[in-house]
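Participant: This is the structure I want to talk about, given as structure tokens.
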Amino acid sequence: MRMEVVGDVASLDVELLQLPEVSTIGLKSNFTFVETLYQQWLSLPESNRLATSLLNDVKSGVPLNVPGCSSPNASSNSLPSMFPAGTAPPLSPRSSSGSPRIVKQRGPSNLGSSFKVVSEPVKEVIPQFYFQNGRPPPNELKEQCLLRVDHLFSDHSHGLQIHEFKSVTKEVCKLPSFLSSSLYRKIENGAGIVTRNAFIDYWITGNMLTMDIATQIFTILKQPQFNYLTQDDFKPILRELLATHPGLEFLQSTPEFQERYAETVIYRIYYFINRSGNGRLTLRELKRGNIIDAMQHADEEEDINKVLRYFSYEHFYVIYCKFWELDTDHDFLIDKENLIRYGNHALTYRIVDRIFSQVPRKFTSKVEGKMGYEDFVYFILSEEDKTSEPSLEYWFKCVDLDGNGVLTRNELQFFYEEQLHRMECMAQEPVLFEDILCQIIDMVRCENESYITLRDLKGGKLSGSIFNILFNLNKFMAFESRDPFLIRQERENPTLTEWDRFAHREYIRLSMEEDVEDVSNGSAEVWDESLEAPF
């Protein structure tokens, strides 16, 4: 008698197969294998007879005598196994791709080998890697910090006043000293004093201790409701720098120039670092820039003029004097006619028109046809160092007449036409545009010779000279003559930028014109001059 058994293999109790050579867990995880095995077992004559006998017993009401049955009369009769001892084929390898926490069991799985006992999958505990409020400091770092805090607060059980807090900023927080007031006000929050517990809550419990210095400064300076820094957020640290830095002490008696210096530093910071140009400095921009290094340098260096990035007083002096020379009516605004006189009439009318059309940058002056001091800072930094990326972007927008992101032959020719006319008026040998175009293509090495992209310009070392060729006649002639003295200067000081060299030359010239023996020490007579001669 043969019989057919049809059922759901998923409901089969694999323990009924009576296969001690095979792990129950391994069978439960491989239902396809179990189904095949079960069908082969039923096809055995002995199994078929036993199954038929059991079915007959069920029909007649006789209790089943099989393992796992709850009958008290059950015996230990075993079901026949389809494999002789030690000859069972191996299980298929278990797939663990669904979870990264399961350790894969690897090993030989030859068809002729005996069954391997499959153990429970081992779960690997992954440590926490995201902390909403920042990663807590390690115990060792925390203990070291607490020791320094206890030492500094030991004689001030009631807390520290603002003038006593600088040591905490420097020794515990490792921040520039002129951030002391901003950090103090962030912690005291109107209480008027910073206690030991308040500092620990903010710096250690708040996980400021484990942040990088850029994130620390960003968190200290920004307003709670914003995730960016505005220009006003930098004013408190500039005020403290002016009040405490020995290199700026001479400005104590001239608060109006203290304010101008602070504004200039902030404008320079945003010119180089706020690449989006929206006035909102993000943490990413702060980290990508070099302002943190410049802050630390300014804090360590007594001569502020050696801090060439952003904080040099000599650089401020040059920028402000250049603006003052052009601003003939001293209303702190300049128009087209004023700007055309810049650099001894070096620029063409066409490029000045593009600047005042506010293509490269929207003016902040809010006066129609007028450029304010901030706008002039952006202009002079772009004009005097055309190797920097902000400068290349500034002038690229000016020359890109249709705003399509590429400079074509017609656009280059439009600006060069006025240069060519000026050379003819000055009785200089004119250089034809066709020759200039070939020279420009050789200088830039464009990917496509039919147009120039901003990417092409940023990849070339001589890209800035292209703009001088197009609209600055004085620098075009200087580029053609290749002054060996200037070339030697560049080789001797390769770390200096074109702006650094220009500011140095101009500072010497302006100092001689004003007949000041040592402008960097801030003579009082210089600042007491009338409006017509501010220095």
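Participant: Go through (1) over 23 Å from Phe311 (Cα atoms); (2) touching a residue at least 40 places away in the same chain (Cβ under 8 Å); (3) acidic (Asp, Glu) and name the single condition Glu171 misses.
Facilitator: The failed condition is (2).
Participant: Of everything in the stretch 391-416 that's open to solvent by 90 Å² or more (accessible area, probe 1.4 Å) and among the charged types (D, E, K, R), which residue is nearest to the chain's Cα centre (by Cα)?
Facilitator: Quick first cut of the stretch 391-416, residues open to solvent by 90 Å² or more (accessible area, probe 1.4 Å) only: 397, 402, 409-410.
When the remaining residues are screened for being among the charged types (D, E, K, R), the result is 397, 402, 409.
On the way: Lys397: 25, Asp402: 32, Arg409: 36 Å.
Looking at the filtered set, the residue picked out is Lys397.
Participant: State which residue pairs qualify: first residue at positive phi and inside the stretch 404-425, second residue acidic (Asp, Glu) and in a helix (DSSP H, G or I) in any location, beta carbons under 8 Å apart, and separation of 6 or more residues or different chains.
Facilitator: Close Cβ pairs satisfying both conditions: none exist.
Participant: I need the full set of residues from the stretch 357-378 which are assigned to a helix (DSSP H, G or I) and either modelled with pLDDT under 95 or open to solvent by 20 Å² or more (accessible area, probe 1.4 Å) (or both), in order please.
Facilitator: If the condition is that a residue be assigned to a helix (DSSP H, G or I) and either modelled with pLDDT under 95 or open to solvent by 20 Å² or more (accessible area, probe 1.4 Å) (or both), then Glu374, Tyr378 are the ones that fit.
Participant: Give me a count of the residues in the stretch 146-196 that are of a type in the set (S, T, N, Q) and under 33 Å from the mean Cα position of the chain (by Cα).
Facilitator: 7
Participant: Please go through the stretch 417-436 and give me each residue that is part of a helix (DSSP H, G or I) and surrounded by 12 or more Cβ atoms within 10 Å (Cβ to Cβ), ordered by number.
Facilitator: Glu417, Glu418, Gln419, Leu420, His421, Arg422, Met423, Phe433, Ile436
Participant: Something else about it: Of all residues in the stretch 333-356 being part of a loop (DSSP other than H, G, I, E, B) and either touching a residue at least 60 places away in the same chain (Cβ under 8 Å) or not hydrophobic (A, V, I, L, M, F, W, C) (or both), which is farthest from Val265 (Cα to Cα)?
Facilitator: Checking each candidate, the answer is Thr348.
Participant: Can you tell me which residue is farthest from Arg309 (Cα to Cα) among those in the stretch 342-386 that are of a type in the set (A, V, I, L, M, F, W, C) and in contact with a Pro (Cβ under 9 Å, 6 or more places away or on another chain)?
Facilitator: Phe379
Participant: Here are some residues: Phe250, Phe226. Which one is part of a helix (DSSP H, G or I), among the aromatic types (Phe, Trp, Tyr) and open to solvent by 10 Å² or more (accessible area, probe 1.4 Å)? Break it down stepwise before answering.
Facilitator: Working: Phe226 fails: part of a helix (DSSP H, G or I).
Just a single option satisfies the conditions, and that option is Phe250.
Participant: Within the stretch 174-201, track down each residue that is open to solvent by less than 50 Å² (accessible area, probe 1.4 Å), in a helix (DSSP H, G or I), under 19 Å from Ser157 (Cα atoms) and not charged (D, E, K, R).
Facilitator: Residues satisfying the conditions are Tyr184, Ile187, Ala198, Phe199, Ile200.
Participant: Follow-up. I need the full set of residues from the stretch 437-463 which are assigned to a helix (DSSP H, G or I) and either open to solvent by 40 Å² or more (accessible area, probe 1.4 Å) or out of contact with any helix residue (DSSP H, G or I) (no Cβ under 7 Å at 6 or more places or on another chain) (or both), in order please.
Facilitator: If the condition is that a residue be assigned to a helix (DSSP H, G or I) and either open to solvent by 40 Å² or more (accessible area, probe 1.4 Å) or out of contact with any helix residue (DSSP H, G or I) (no Cβ under 7 Å at 6 or more places or on another chain) (or both), then Cys438, Gln439, Ile441, Asp442, Leu454, Arg455, Lys458 are the ones that fit.
The values are calculated or read from the model by the stated rules, or taken from the named source; none is laboratory data. Small disclaimer: the values here were computed from a predicted structure and weren't measured. Cβ sites come from the backbone with ideal geometry, for glycine too, and all protein chains shown count toward neighbours. We work out accessible area using only protein heavy atoms, side chains counted, and drop any ligands, DNA or RNA first. Shrake-Rupley method; radii C 1.70, N 1.55, O 1.52, S 1.80 Å.
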